[in-house]
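Worksheet: one structure, shown below.
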Amino acid sequence: MIRKLGFLFAFLFLLGGIVAFIPGVTNNGMYFGVFMVNTAHNILHIASGTMFLIASMLGARPARLWFLIFGAFYASLAAIGFVVGDGLIFGLIMSSRFDSWGHAGLALAMLLIGIAVPNEKAANSESAH
């Protein structure tokens with residue numbers, strides 16, 4: 001199950017990062033008129049999706065580890081974003097309050113998946129009984 005969720009996150013991050021480069025989707029640095037983005041922000045999404053894809057292809061354990069690591073990273077990104085407000089994180093990634101709330105929601109989802117989704121072996125042995 002965790003690998004399937006990893007592939008889903010890979011698809012969503014890759015799609016979000018790539019679509020942000022399509023004229024009309026992003027206008028004046030605003031993604032769908034809500035989120036502040038720039039090239040570095042979009043590349044971060046593409047890199048994130050690529051890492052989700054690689055981790056999920058490698059197996060359940062790497063996928064779980066990536067959910068936990070990346071959940072913690074996004075929690076940090078959200079916290080820094082709330083401090084920065086509307087501006088640049090690390091002088092590179094454009095962010096706004098909406099971005100920070102989005103990053104916080106993603107962090108929560110990723111950490112919950114990394115912690116709460118049962119191990120495949122444990123789930124399989126329970127269903128055998």
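Within the range 109-129, how many residues are part of a loop (DSSP other than H, G, I, E, B) and either basic (K, R) or modelled with pLDDT of 90 or more (or both)?
Residues that pass the stated criteria total 0.
Residues to consider are L111, L88, L77; find the one that is aliphatic (A, V, I, L, M) and out of contact with any helix residue (DSSP H, G or I) (no Cβ under 6 Å at 6 or more places or on another chain).
L88
For the range 1-108, please list each of the helices (runs of 4 or more DSSP H) lying entirely inside it that holds at least 2 residues being among the polar types (S, T, N, Q) and in contact (Cβ under 8 Å) with a residue 40 or more places away in the chain.
Filter on the range 1-108 gives 39-58.
Listed here are the residues, each with its yes/no results for (1) of a type in the set (V, I, T); (2) surrounded by 18 or more Cβ atoms within 10 Å (Cβ to Cβ); (3) closer than 21 Å to W101 by Cα.
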{"position": "K4", "(1), (2), (3)": "no, no, no"}
{"position": "G24", "(1), (2), (3)": "no, no, no"}
{"position": "Y31", "(1), (2), (3)": "no, yes, yes"}
{"position": "F35", "(1), (2), (3)": "no, yes, yes"}
{"position": "N38", "(1), (2), (3)": "no, no, yes"}
{"position": "A55", "(1), (2), (3)": "no, yes, no"}
{"position": "G59", "(1), (2), (3)": "no, no, no"}
{"position": "A63", "(1), (2), (3)": "no, yes, no"}
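Among residues belonging to the range 65-116 that are among the aromatic types (F, W, Y) and within 18 Å of A40 (Cβ to Cβ), point out the one that is surrounded by the fewest Cβ atoms within 10 Å (Cβ to Cβ).
F90
The values are calculated or read from the model by the stated rules, or taken from the named source; none is laboratory data. Treat the numbers as computed from the prediction; the structure is a model and nothing was measured. Quick reminder, even Gly has a Cβ in these numbers, built from the backbone with ideal geometry, and neighbours come from all protein chains shown.
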